Structure formats: structure tokens, C-alpha cells
1. Just flag the GluC sites (Glu not before Pro) in region 246-311 sitting in loop per DSSP whose Cβ has no more than 16 other Cβ atoms within 10 Å.
2. Counting each DSSP H run of 4 or more residues in the chain as -39500 (n - 2.57), what helix-only mean residue ellipticity at 222 nm follows after dividing by all residues, to the nearest 500 deg cm²/dmol?
3. Which one, Asn311, Tyr126, Gly157, projects farthest toward the positive side of the charge dipole computed for the chain from Cβ point charges (K/R +1, D/E -1)?
4. Long-range amide H contacts for Tyr305: which residues qualify at under 5 Å (H placed 1.01 Å from N, peptide plane, sequence gap of 5 or more or a different chain)?
5. Determine ³J(HN,Hα), in whole Hz, for all residues of region 118-134 in sequence, where each value follows from phi through the Karplus function 6.51 cos²θ - 1.76 cosθ + 1.60 and θ = phi - 60°; x replaces Gly and Pro.
6. Leaving out same-chain residues fewer than 8 places away, which aspartates and glutamates sit with a Cα under 17 Å from that of Lys192?
7. With the cut-off at 1.5 for a/c, could you classify region 78-211 from its C-alpha gyration tensor as rounded, prolate or oblate?
8. Using a cut-off of 22 Å between alpha-carbon atoms, which lysines can reach Lys56, once sequence neighbours fewer than 8 places away in the same chain are excluded?
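Coordinate-derived values only; no laboratory data. Treat the numbers as computed from the prediction; the structure is a model and nothing was measured. Here the Cβ positions follow ideal geometry from the backbone for every residue, glycine too, while neighbour counts run over all protein chains shown.
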Amino acid sequence: MKFRFLLLLFFFFLSVHSYSQIKFEKGYFIDSENQKTECLIRDSDWRNNPLKFKYKLGEADEVKEADISSVTEFGIYERVKYVRANVKIDRSGEELSNLSNSRNPEFSEELLFLKVVDEGSATLYYYRDPKIFRLFYKVNDSAIEQLVYKEYYTADGLVATNAMFRQQLFINVNCKKSVSVASIENVRYTEKELAKYFQKYNECIGDSIFKLSKEKRDLFNLRITPGFSYSTFSLKDNFYKIDFDKKLAFRVGLQTEFVLPFYRKWSVIFEPTYQNFNSKGKNSSNDIGKIKYSFIEFPVGIRHYFFLNENLKLFVNGLFIINMNLKFNSSLVTGNEAMGYYSIKTLEAKDSFGLGAGIENKRISAEIRYYPHRSLTSSKTYTTNFSRLSLIIGFKVF
């Protein structure tokens, strides 16, 4: 029943996802007729350069779509800017399994949206898709060109590098010819290093630099997660079964969350948690049991967010709980009152999993989490089932 309830919550969140996955930000686009339209653009947190984007003219207006065939430029103010360009791009493979045998770039002409990294007299652009990463540039009114960096196989089967981008920088992006060949040899083909290079160039020539600010995002979150767990436990062997009294008990955890830098809808969570369960049970044959179980467990899992607005979001997560519990003064005793015998059984938790769904508003979150049946023993003569339904309140520390 509880498991079905969690599944219903999960599918409810999926339905919400289709309508409210990512927030819309203030932005604009310029069409092929050079007409600028102020709008709200869906922030899809693009890892790969898009060919289209979604927008709406106002908060209450319908969502529309525009693509590269009709738009020359679009952006989210102070966050990101893309320009349409007809460029020559080398799509030679980057993995060892598909490197080219040619040292020279193998250009093909394509119409692309290029991301503006730094803009000035010398402008740096960025392009990425699932297979390649490329950087482009232009100086003043020149055409946009690719900065060439290519790994390839030599005739001897060795991997060599064509780093022609350094020569391009030395010849075309060299303020007052102050950059030496030796210093430029240390520049790597990364967005970060080339962005610094272009900034220095523009500053050197006294140019005002237009640099898009990157929104500060919390890629690491720490939360204190107190709450309550409603737990059930049963023990069964070949001769009897004991259902223990259901109990409500306090739990507290320390949750660390690592948000994936792209597709910020996904994160990895790790939540060491202290819990306890003390209960008794008795069946109609006077078989009795008593359990005292205090432990720290170490669940690790994946979380997925569904953004409703800037501050409010829903989430679902799946957790794997490894067999690494720390137990404190824990015991399981069974026996029979009429016959007067008792036995002490060893508690040894097995691997298990948990499913959760919740809501977060700014620094506060609430989650319902279900832990299905978990065995607490390794015995072959009897079995145990321990399950919990938890209400967890999260307080974000940072």
C-alpha cells in the first residue's frame, strides 16, 4: 500500500514535469528581419548548443518555439547569449577510437548557434554537442573562424596534436605583439583559459569588455534532516510468526547533495542517518519477541527535481542503502512464555533501497520516504522484515 502511494506521487510529479520543468527568464531574440522581441525564455541550462528554444511573451501567455531558421540571436539577460553563424567547423572525432588520420582540419560549412563567452574587439565563442567541443573567434568585423585544435593518428599509429589555435592567437589576437611564442605555448584549449586570454587582449587594447555573468549556483548543498519514522517489524520461522508493535520514532540525518553542473535537475545525495526502533511482539501461542535496534545507516542515491518557479520545486529520489550499519546496544530476543525459554538472535542488516518524494521552498524541504522490507538477519532458519515510512524535514545549511 505504501509502495503504491509512493508510485502515485512519482507519476504525479512526472505529470507536473511536462508543464513546469524549467523556469522562464527575462530575455530576447532577434529575428531574420532584425526585429528584436522582448520575452521570457525557457532556461534549459544548455550543455549542448541548441538549434531551437522555447519562449513566451508574458507569464500568462502560451509557450512558443523558435529555431535557427528564423532567429539570428537570442539570450537570457546577464546569463547567456547565442548568435547564429554560418561557419566552417571540423567535426573530426575526439575519442581514440575514432581519431582522424589527417593532421589538417576537415571543415564542413554549417549554420549553428554559437554561445558568446566574451565579447569585445576580439570575441570568443563556444560550441558543444554530444560528440565534439569547439571554440571560435573573430576580431573586429572579420568572419567567425574556428580555433583549431585536433588530435590525430600519424602514419606510425601514434597520437599527435595539431594546436594551430596558438598560431591563430599569436598572429591575430596579440595586443601590441606583446605575447611571446613561449608564453602562448602554455595556453590550453579550454573555455576557461581562452576566456582569460581574450579578456587580457581586450583590456590591453583599451576595449570595453562585455562579459556575460554566470549565475551563481549551489553545486553543493548541506542539510540537516530531522523527522519521524513509522516502522514495522516481523519475525518468522518454520513454527511461528511474531508481528511486533508498530512504532513512531525520531530520526535525524545530515544530507550532502552534489548537484550536477549541467542539467541541474539531477543530483547525487548521501545522507548518514541515525534511527532507532524499540518494540515488542506476541502471538496467540505466547511466542514473544523484543527488539532494540539503534543504528546509523548510509544511504546514497539520485534525486530529480521538477521546477515550479524560482523558489519552489518538487523532487523524487531513489536511494541504495549499503550493508554498513553502525549498531548501538542493539538486540533481538525471542522466546515462549509458557515454555519458559528465550534465545538471543544476531542483528545484521542487509542491503536495501528507499523511494522518496517531496517539495522544497528556498531553504526548507519536506519529504515522504518509504523503505521497503529489509532483512535484519542472515539466518537461514528464520526471516525478518523491517520497513519504514518516514516524514523528513530538511533545513539547508548552505
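1. Filter output for region 246-311: Glu310.
2. On the way: 4 runs with 46 residues, N = 398.
My calculation for the chain gives -3500 deg cm²/dmol from helical runs alone.
3. Of the options given, the answer is Asn311.
4. Placed amide hydrogens put Trp266 under 5 Å from Tyr305.
5. 9, 10, x, 4, 10, 10, 10, 10, 10, 9, 9, 9, x, 10, 9, 10, 9
6. Of all the aspartates and glutamates, those that pass the test against Lys192 - Cα under 17 Å, at least 8 places apart if same chain - are Asp118, Glu119, Glu203, Glu215.
7. Oblate shape, in that a/c is at least 1.5 and b/c is the bigger or equal ratio.
8. Hits, sequence-local ones excluded: Lys23, Lys26, Lys36, Lys64, Lys81, Lys115, Lys265, Lys313.
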